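FYI, it's all coordinate maths here, none of it is from the lab. It should be emphasised that the depicted structure is a prediction, and the values quoted were computed from it without experimental measurement. Note: ideal-geometry Cβ built from the backbone for every residue, glycine included; neighbour counts use all protein chains shown.
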Amino acid sequence: MPTDFFETINSLVQEELSLYKSLEALVDDEEIQVRESDMEGLLDVLQQKQSIISSQESLLEQWNNIMGPFGVEGGKEGPAFWNNLAARVGENGYNQIAASINEIRELGQRLLDREGEIRTELEKNLAEMRTTLLKMGRNRVAMRGYSRGMAAF
């Protein structure tokens, strides 16, 4: 197995997996913040998530820069990548990288599903918060009216 190619690709895959795991931990935090209606905490988590997403975008650029010199076009989602990978790293290396990429895909899908659930909960919480704010506004108007009435006496 040519170690340079394998090590380079495996390093990128492991870094990507690590980023997804970090994102998973932040999604856990995001869920808690939404459940507790902690908007300040939620904004903090969203900032941290954005940092990881930026790192993922940077990693994608690394993938694109590395693939060309190794003679692979179309990125890791295309058949050329998998055919070239198998030819260059042998069955064991191929299986190791493929397993990690499958883990990334499964984790990514779980995160997308959870994000959808969290978004639904957030929308529900926001609707409840709007209702509460509207009630508070009506109560303030009523209080001002009552106060004005009292001042006339």
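Taking 0.36 nm per residue of sequence separation and subtracting the Cα-Cα distance, how much length would be gained by fully extending the chain between Glu123 and Arg35, in nm to one decimal?
Extra length available between Glu123 and Arg35 comes to 30.6 nm.
With the convex hull built on the Cα atoms of the stretch 3-116, state its orientation-averaged projected area in nm².
7.2
Could you tell me which residue out of Leu112, Phe6, Ser58 lies farthest along the dipole of the stretch 3-116 toward its positive end? Charges go on the beta carbon: Lys and Arg +1, Asp and Glu -1, centred on the Cα centre.
About the Cα centre, the residue reaching furthest to the positive side is Phe6.
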